[in-house]
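Single-structure report; data block below.
The values are calculated or read from the model by the stated rules, or taken from the named source; none is laboratory data. Because the structure is a prediction, the values reported are computed rather than measured. When we count neighbours, we look across all protein chains shown, and the Cβ atoms used for this are built from the backbone with ideal geometry, even at glycine.
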Amino acid sequence: MLDALETVLSARLYRRAASTASTDAIPIACLFRNLVGLARRPIRLCAAAGYDSCDMLPELRITLLGTGTSHGVPMIGCTCDVCRSDDPRDRRNRPCVCIQSRQGAVLIDTPPELRLQCLAFGVRRCDAVLYTHHHIDHVAGLDDLRRFNWLQDAALPCFGQPATLDRLRQMFPYVHDDDPSYPSAKPRLDFMPINGPLELIGHRFTPIALWHGEMPVIGFRVGRFAYCTDVSRIPDESWPLLDDLDVLVLDALRKRPHPTHFNLDEAVETALRIGAQRTFFTHIAHELGHAEVNRTLPAGMGLGFDGQTFYCR
Ligand SMILES: [Zn+2]
Ligand SMILES: [Zn+2]
Ligand SMILES: [Zn+2]
């Protein structure tokens, strides 16, 4: 199954890498994937993984649209090695994931660079948004959802905990106001409280209760994929929801401890206990350089990177 979980950078990311970084700064494996990426769709990878055509792909295609912490990487005004790195995997937008099936696409969170992330990684459809919590690095791009209203000529359901939706109404009051002085182009969003698993794009999305410091937030499981960002503790009742995963994406902010995020050691320890076939870390600060840290991680684990795509049952 590991072959089926092969990861790729999108063609666009490679083009950007090729134009902004010297080739000797890109690892050999990256260059190989670059050639595959030029096909624009990873059909050759399907064959390599034992699938004869894209109709036979596993059900879920998951793309990490952003893997950075709230400041993003590079950070404004920082001259550290990671912020000046030529490795495209060290350029991290704020956290977001796109989950696609043959029936549609779901975004988890709407970070401030949402428009740029959708353009960079070919997201042209969104059937629903799931919110993990209301922190600004996860919601600031909400207005960019307007574009999907236009493309699909429909309102967009946005699911979250009731407290998250209340905060979104406070942060974006114009969305549901009848203010006649506001220009017409508001996003059409239906805020829907999450009370349990949701059926979306032909799959069941199960919320996972998590603690982000003292704040209750949620992650999500769909099929054998789970996404747990902004977490510093997993409550007892949530561990069974993390059994038998192909891929786990888990918060790992930095090496030093932090009151509301797993640091790298805590994330690795948690990932070992969960035991997913592969674990990619996200919400990464500038203290963690991609290549350097990946050399130190246990087998089956790695820092995620923007544009990373994998397939899941
Ligand atoms: Zn830096
Ligand atoms: Zn947060
Ligand atoms: Zn965050």
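Out of the stretch 69-98, which residues are closer than 17 Å to residue 304 by Cβ, hydroxyl-bearing (Ser, Thr, Tyr) and over 12 Å from the mean Cα position of the chain (by Cα)? Residues satisfying the conditions are 70, 85. Just wondering, is there one or more residues in the stretch 199-206 that are of a type in the set (Ser, Thr, Tyr) and closer than 20 Å to residue 100 by Cβ? Looking through the stretch 199-206, at least one residue is of a type in the set (Ser, Thr, Tyr) and closer than 20 Å to residue 100 by Cβ. Among the conditions (1) within 16 Å of ligand 1 (Cβ to nearest atom); (2) at pLDDT below 95, residue 94 misses just one, which is (2). Of all the numbered requirements in (1) outside any loop (DSSP other than H, G, I, E, B); (2) within 25 Å of residue 311 (Cα to Cα); (3) within 16 Å of ligand 2 (Cβ to nearest atom), residue 132 misses one, and that requirement is (1).
Sort out for me the strands (runs of 3 or more DSSP E) sitting completely within the stretch 167-280 that have 3 or more residues that are surrounded by 18 or more Cβ atoms within 10 Å (Cβ to Cβ).
Working: elements: 189-193, 198-200, 203-212, 215-222, 225-228, 247-251.
In the stretch 167-280, the matching strands (runs of 3 or more DSSP E) lie at 203-212, 215-222, 225-228, 247-251.
Scan the stretch 263-278 and give yes if some residue there is within 15 Å of residue 130 (Cβ to Cβ) and either away from ligand 1 (no atom under 16 Å from the Cβ) or modelled with pLDDT of 95 or more (or both), otherwise no. No - not one qualifying residue is present in the stretch 263-278.
Filtering the stretch 89-112 to residues that are crowded, with 22+ Cβ neighbours inside 10 Å, within 16 Å of ligand 2 (Cβ to nearest atom) and either part of a loop (DSSP other than H, G, I, E, B) or not aliphatic (A, V, I, L, M) (or both) leaves 92, 93, 94, 95, 96, 109, 110, 111.
Looking only at residues of the stretch 146-159 that are buried (at least 16 other Cβ atoms within 10 Å of the Cβ) and touching a strand residue (DSSP E or B) at 6+ places or on another chain (Cβ under 7 Å), we find that the one that is nearest to residue 172 (Cα to Cα) is 158.
Quick one: would you say residue 127 is under 19 Å from residue 204 (Cα atoms), out of contact with any helix residue (DSSP H, G or I) (no Cβ under 6 Å at 6 or more places or on another chain) and in contact (Cβ under 8 Å) with a residue 60 or more places away in the chain? Considered against the rule, which asks whether it is under 19 Å from residue 204 (Cα atoms), out of contact with any helix residue (DSSP H, G or I) (no Cβ under 6 Å at 6 or more places or on another chain) and in contact (Cβ under 8 Å) with a residue 60 or more places away in the chain, residue 127 comes out as yes.
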